[in-house]
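Input: a single structure, listed below in structure tokens.
The values are calculated or read from the model by the stated rules, or taken from the named source; none is laboratory data. Computed from a predicted structure; not experimentally measured. Positions of Cβ are backbone-derived with ideal geometry, glycine not excepted, and every protein chain shown enters the neighbour counts.
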Amino acid sequence: MRAVLEPSRFPPGMNVPIQLLDEASMTRALQRMALEIVERAGGTGDLVLVGIQRRGVELADRIAHLIARDHGPVRRGKLDITLYRDDLQAIGPRPVVGETSLPNVDGAVVTIVDDVLYTGRTIRAALDEFADFGRPKRILLCELVDRGGRELPIHADIVGLAISAAPGDHVDVRVKELDGEDGVYLRHAGA
């Protein structure tokens, strides 16, 4: 699904977030993404879904349940990329580090699941961390939202919603498990 949002369409100083996906459209996007993951992975035999902490973990869990409904259980993991970030000094002297928990990924078709793809730096950090845990046969990238604005040559293989957002805009993904609701919102830079 591709939505092109031109920054000029939003008045300066607008502070009302624009809903891009509601609960129903987010569910449909995740269903499409689950089907595409199975197709691109060649089935579920070697498939491992790995969510990036925070919301990528919840999205990966949902996708795993959708896949399991039709194809059986899928191995899962979670990845915290905090210590692999290239801006670690900017975070401060005591960064909050979440859990990394991975099954054996050697020879697996790993699908990294994340909420928003922007600069590509989070995914670069995830790839660096994977090098410490094994050698997957293939790594796919699955993003709920691709907002454009890459700083690194990173491309998502599977995308729920692609938009063109201005550099200062903020895309907020909300999931019931953490936020009490499902939805994707765009807040214009002037907000």
Considering only helices (runs of 4 or more DSSP H) wholly within the range 1-95, the ones with at least 2 residues that are at pLDDT 95 or above and within 20 Å of residue 141 (Cβ to Cβ) are 23-41, 55-71
Of those in the range 31-43 that are buried (at least 16 other Cβ atoms within 10 Å of the Cβ), touching a strand residue (DSSP E or B) at 6+ places or on another chain (Cβ under 7 Å) and not β-branched (Val, Ile, Thr), the residue nearest to residue 73 (Cα to Cα) is 41
Picking from 113, 145, 159, the residue that is in contact with a Gly (Cβ under 6 Å, 6 or more places away or on another chain) and either among the charged types (D, E, K, R) or outside any loop (DSSP other than H, G, I, E, B) (or both) would be 113
Condition set in a loop (DSSP other than H, G, I, E, B) and surrounded by 17 or more Cβ atoms within 10 Å (Cβ to Cβ), scope the range 127-142, selection modelled with the highest pLDDT: answer is 136
Given (1) over 13 Å from the mean Cα position of the chain (by Cα); (2) crowded, with 20+ Cβ neighbours inside 10 Å; (3) of a type in the set (D, E, K, R), residue 55 misses just (1)
